[in-house]
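Q: The structure is given below, and queries will be raised subsequently.
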Amino acid sequence: MQHFCNNSATMLLYGVAMQRLYSPGVGMNCFSDDSLSPECTETILETVADGLMLLDTDGRIRYCNRALETMTGLERTLLVGRQCCSIMEEICSTPPSCDLFTAGEIANTECTLVQSSGKRIPVLKNARVIKNSSGEVLGAVETLTDISVLRSTENRLEQLQQSLPRQSGLGRLVGKSHVMQELYSLIELAAGSNATILLYGETGTGKELAAEAIHERSSRSGGPLVKINCSALPEALLESELFGHVRGAFTGAIRDKPGRFETADGGTLFLDEIGELSLLIQVKILRFLQEREFERVGENSTRKADVRIIAATHRDLLRLVSQGIFREDLYYRLKVFPLRLPPLRERKEDIGPLVEHFIARFNRETKKRITGLTHDAAVTMMDYCWPGNIRELENAVEHAFVTCQDEQIDLFDLPMEIRKVELRKGLCALGEEIQEATAFDGRTEKPAVMYPRKTRISDDEFRRVLEECGYNRSEVARRLGVDRTTVWRRMRRLGV
């Protein structure tokens, strides 16, 4: 809000003030060209929403407007002649030691006005001394703006924010951002069921940690959590690792060996990078999901296991289905309850807590005493796109622990690809291409259409993308190649 000391209203206030302070009760024009009468000027002041008062050199109120009467609950006859300090809670001095008369002005200072009922209301004070042409102080003019509604709203918002559950992390997942709060809620829902879970998202986003959190909060937490990376082993070994084998099943099989499905009986089996499975293994996993049974390699008898499956991938499984690389029936068996792990660029407010988490961990491991980041290092980290996500951030902090010799990690302690602008641009551009090529949309039933950056789409097309993405602004932004604020502004313009 602009006040008299910062806008053209100064002239009006100064005119009426000069009139009253020079010769009370004697008419005087506000302007030398007589374009505005004193009566008109006073009418304007009476309509001002802010409380206004004119003070003489003793700090006594010589004039006040109707708004100040309302604000104080006192009639004008009871206000005029009183010291300005008498209506304020703050301890103040009378002229010439008064702060206003000493400094010449008071700008946007919050004070407390005491009403006649004893109620206290917060006000914003602006004041300035008035001088004649010779520089002699004649008095002062003050305005008081009631900000009680503003403070009340701020207090309610603060109470609301404090009442909302806002977790700093879940299990080994770290983050306070809105997208992470949504993820925590979905993880709690997933943990309360026995449904098959499909975790999808870019590499390094923490899919394994999410699987751990689901298992630890489920009714199976007393059972084992068995993990296997499906891309780490060739088909023959992976089949044996998953389902086990009997003695003599193949060269080197000198004894019976249970597989991961048997080991995970009564618990959870986490199949990481499930998009890398061969079609043969896919068929066997599909059979287990349908019948809850399997066979060891080289064995004819059927075995059963009580195992919950949590699968994870960074690839677009639906695109692999369309290419004949991934079975469609297995895709729909896995996609009972899909959860998307957001990339770090969509939750940059979590970079600070994540860095603190990694610094604390590496301090324990290395016995160093690093306290945090310098300003330049922090700004650089916030500007970076983090194509490798949390895993890359962790590696960057670990790299800095090797080079840092001070208490704070500086810019030159960070890996070169993060601090060098040219390398950053190249990595981020390459990362965008990879993300678009492998992006997995867990909601749509067809491959997600990716729009080149700066492509202008119609409002109808924008609405269609919104519906396909389930009105998830982050996903819409990724598909359109823009940031989330652009999507939000367009949604607001369309009234969505």
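Q: Stretched out fully, how many nm does the piece from THR70 to ARG287 gain, at 0.36 nm a residue minus the Cα gap? Show your work: numbers first, answer last.
A: On the way: separation 217, 0.36 × 217 = 78.12 nm, distance 7.89 nm.
Contour length minus Cα-Cα distance gives 70.2 nm.
Q: So for the pair THR43, GLU90, with labels modelled 7 Å out along Cα→Cβ, what separation do we get in nm?
A: Here the answer is 3.5 nm between the modelled labels.
Q: As an exercise, use a Förster radius of 35 Å and the Cβ-Cβ distance of THR371 and CYS111 to find the FRET efficiency, rounded to the nearest 0.05. Write out the running numbers ahead of the final one.
A: Working: r = 39 Å, r/R0 = 1.11.
For THR371 and CYS111, the calculated efficiency is 0.35.
Q: Two decimals is fine: what's Rg over Rh for the range 107-256, C-alpha atoms, Kirkwood radius as Rh? Write out the running numbers ahead of the final one.
A: Details: Rg = 32.9 Å, Rh = 22.7 Å.
Rg/Rh for the range 107-256 comes to 1.45.
Q: Under the classification rounded if a/c is under 1.5, otherwise prolate if a/b is larger than b/c and oblate if not, where does the range 299-356 fall, given a ≥ b ≥ c as square roots of the Cα gyration tensor eigenvalues?
A: oblate
Q: Computed FRET efficiency, Cβ-Cβ of VAL149 and GLU328, R0 56 Å: what is it to the nearest 0.05? Kindly include the intermediate steps, with their values, before the conclusion.
A: Working: r = 59 Å, r/R0 = 1.05.
Using R0 = 56 Å, I get an efficiency of 0.45.
Q: Would you mind calculating the gained length between ARG464 and LEU157 on full extension (0.36 nm times residue separation, minus the Cα-Cα distance), in nm to one decimal?
A: Values: separation 307, 0.36 × 307 = 110.52 nm, distance 3.43 nm.
Fully extending the segment from ARG464 to LEU157 adds 107.1 nm.
Q: Further, regarding this structure: What three numbers, in Å, describe the spread of the alpha carbons of the range 74-173 along their principal axes, ordered from the longest?
A: 72, 33, 20
Q: Rg and Dmax of the range 281-405, Cα atoms, in Å?
A: Cα only, the range 281-405: 21.8, 65 Å (Rg, Dmax).
Q: Another question, if that's okay. Below 15 angstrom from the Cβ of PHE101, what's the summed charge of the other residues (Lys, Arg +1; Asp, Glu -1)? Numbers along the way, then the final one.
A: Values: positive: ARG60, ARG62, LYS125, ARG128, LYS131; negative: ASP56, ASP58, ASP99, GLU105, GLU136, GLU142.
Value of the local net charge: -1.
Q: Based on the alpha-carbon gyration tensor of the range 176-340 and its eigenvalue square roots a ≥ b ≥ c, which shape applies: rounded if a/c is under 1.5, prolate if not and a/b is larger than b/c, or oblate? All intermediate terms of the calculation are to be shown ahead of the outcome.
A: Numbers: a/c = 2.04, a/b = 1.49, b/c = 1.37.
Prolate, because a/c is 1.5 or more and a/b exceeds b/c.
Q: Follow-up. Got the relative contact order for the range 176-340 handy, in percent, Cα pairs under 8 Å and 6 or more residues apart?
A: Values: 290 pairs, mean separation 52.0, N = 165.
It comes to 32 percent, rounded to a whole number.
Q: Contour minus end-to-end for ALA103 and GLN408, with contour as 0.36 nm per residue of separation and end-to-end as the Cα-Cα distance? Display every interim value, and only then the final one.
A: Details: separation 305, 0.36 × 305 = 109.80 nm, distance 4.19 nm.
Difference between extended and current length: 105.6 nm.
Q: Which of THR251, SER240, ILE197 sits farthest toward the positive end of the charge dipole of the range 109-255, with +1 on the Cβ of Lys and Arg and -1 on the Cβ of Asp and Glu?
A: ILE197
Q: Let me ask something additional. Can you figure out the FRET efficiency of ARG364 with ASN132, using R₀ = 56 Å and their beta-carbon distance, to the nearest 0.05? Write down the numbers at each step before the final one.
A: Numbers: r = 71 Å, r/R0 = 1.27.
So, using R0 = 56 Å, E works out to roughly 0.20.
Q: Turning to a different aspect of this structure: Taking the Cα-to-Cβ direction at ASP256 and at HIS178 and moving 7 Å from each Cα, how far apart do the two end points lie in nm?
A: 5.7
Q: In addition: With a 10 Å radius around each residue's Cβ, average the other Cβ atoms per peptide and rank 356-365, 191-200, highest first. Each step should come with its number before you reach the end.
A: Numbers: 356-365: 15.3, 191-200: 19.3.
With the highest mean Cβ count within 10 Å placed first, the list reads 191-200, 356-365.
Q: By count of other Cβ within 10 Å, fewest leading, how are LEU113, LEU317 ordered? If you can, show how the numbers build up before the last one.
A: Values: LEU113 22, LEU317 26.
Final ranking by Cβ density, sparse to dense: LEU113, LEU317.
Q: Which parts of the range 305-336 would a label at GLU235 reach, counting a residue when its backbone N lies under 19 Å from a point 7 Å out along Cα-to-Cβ?
A: Hits in the range 305-336 for GLU235 at 19 Å: 320-331.
Q: If I model a spin label at LYS304 and SER219 as a point 7 Å from the Cα along the Cα→Cβ vector, what separation in nanometres do I get?
A: 1.7
Values quoted throughout were computed directly from the atomic coordinates according to the rules given, and no laboratory measurement underlies them. What you are looking at is a predicted structure, and each value in this text was computed from that prediction instead of being measured. With ideal geometry, Cβ positions are generated from the backbone for all residues, glycine too; neighbour counts draw on all protein chains shown.
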